[in-house]
Structures are given as structure tokens and as C-alpha cells.
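*Asks:* Pasting a structure below so you can have a look.
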Amino acid sequence: MISSSNYVCTFISAFTSHIPISQLQKPGRRAAVCGVLIVLVLIAFASSAVAAETPHGTLSLPLTFEENRGQADAGYNYVFHRDGLEAAFSRNEINFILPGLKADRRKVCLHLIGGDAIPTGKDLLQGRSNYLLGADSSRWIRGVPNYHEIEYKHIYPGISLDFYGNGRELEHDFQVEAGADPSMIAFRLEARSVSI
């Protein structure tokens, strides 16, 4: 197994060997190259420290939910991405797009029957997502808010539905207030292929 610090050091060597000395003598270029090298060295040390503390070198980031600011279909309020699984949250419905080859991906729709609620983000996180796709910067989507949970507040009278992360798993709970009727909870699952 190649450690990330060895990979970064190899990259630094390859990076610096392709820069002519005359280019490094220009003040702006020298500062830019030094900045890149410092960042790469810091990444190498940070990656080595994380790999040493994490079993088998895997990194488990917390699950987050993104507000839809145009990075998904307009009908979705929030989206989630993790390990090939995607979820999109909209009024009274959650769509799960399961991992698989693009030509053979499946979507499972969870329709909440008889309820009515629009999902909202709970516990705003400091991190933001950015979608810098393509060369046209006017189409980039920056600063997308991330949340710890998604809540369908009072989807039924006295009953809310929360989605959240538990380790690497996406989980949900129905929160039933005192006096509320849990028999009102009803949903339908529908599976279909995703057309791409």
C-alpha cells in the first residue's frame, strides 16, 4: 500500500522537475509555486495522521444534507450524497437513487400517504458545498448550505419525520407527540429504473 505522504512527495518531485528555473525567478511565480508546495506538504502530513488514527485508512465524514440551490431537479428541496447513494427530499416524498452502474441504477420512492409537509434543514453546519462544473463561472453554484438533519415537521398531526446520519448510515425516526395517533403513519414504496 502506498501512503498518501509518499504519493504527495512523488507528486511534488514531478511537479517541481517540470518547472524551468527561469520561471521560478519571477516573484509572482515563485510565491505561487511555494504556496502550492506548502499546501501539498500539509495535506501529506494531515493525511498520514488521519490514516494512522483511522482503522484501515478509511475516513468517515459526517452525513450532511444540502439545500437545493440548483444542483438537483427543481422539485427537490434538499439532497444527500454518500457512497453512491443519493437521496432527494421534497414535499411528502423521498427519492433514493441506489448505487450501481449508470445504465442500471434504480430509484426507490417513498411516498408519505395522507401527510403534508415540506422538508426543512435542521442544525446548520459550518461547511458549504460548491459545484464548479464547466468553464462558465456564471453557472457555478457556490456556498450551498449543509445541515445535520432534515425534518418533515408535523407531516401528520403531532407526528414529525426526521432523517439524520448515524455514523455512515442514513437513518430516520418518526417523532410521535403525546396524544398523537401513530396509526396515521402510512407510506408507499415504489421502485423503478432511473433514466439517464
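*Asks:* Amide H to amide H, which residues 5 or more places from Glu149 or on other chains are under 5 Å from it, using H placed in the peptide plane?
*Replies:* Under 5 Å from the amide H of Glu149 lie the amide H atoms of Lys122, each far enough along the sequence or on another chain.
*Asks:* If you don't mind, another one. With θ set to phi - 60° and the Karplus curve 6.51 cos²θ - 1.76 cosθ + 1.60, what are the ³J(HN,Hα) couplings of segment 108-124 in order, to the nearest whole Hz, using x for Gly and Pro?
*Replies:* Values, residue by residue: 10, 9, 9, 9, 8, 8, x, x, 8, 7, 9, x, 10, x, 10, 6, 4 Hz.
*Asks:* Arranged by the count of other C-beta atoms within 10 angstrom, fewest first, what order do Thr120, Thr64 take?
*Replies:* Thr120, Thr64
*Asks:* Here is a follow-up. What is the P(r) of segment 65-193, as percent of Cα-Cα pairs per 5 Å bin from 0?
*Replies:* In order of increasing distance, the bins hold 2, 10, 17, 22, 19, 15, 9, 4, 2, 1, 0, 0 percent.
*Asks:* Residues of segment 71-85 with amide nitrogen under 19 Å from the 7 Å Cα-to-Cβ point of Trp140?
*Replies:* 71-72
*Asks:* Can you list the GluC sites (Glu not before Pro) in segment 134-196 that are in a DSSP coil and have 16 or fewer other beta carbons within 10 angstrom?
*Replies:* When the GluC sites (Glu not before Pro) of segment 134-196 are filtered for loop state and at most 16 Cβ neighbours within 10 Å, Glu177 remain.
*Asks:* Hey, another quick one. Quick check on the exposure proxy: order Ile150, Ile141 from fewest to most C-beta atoms within 10 angstrom.
*Replies:* Ile141, Ile150
*Asks:* Further question: If the chain between Ala74 and Lys122 were fully stretched, how many nm would it gain, using 0.36 nm times the residue separation less the Cα-Cα distance?
*Replies:* 15.2 nm
Only the coordinates and a few stated rules stand behind these numbers; no lab work does. Being a predicted model, the structure only gives us computed values, none of them experimental. Cβ atoms come from the backbone with ideal geometry, glycine included; neighbour counts cover every protein chain shown.
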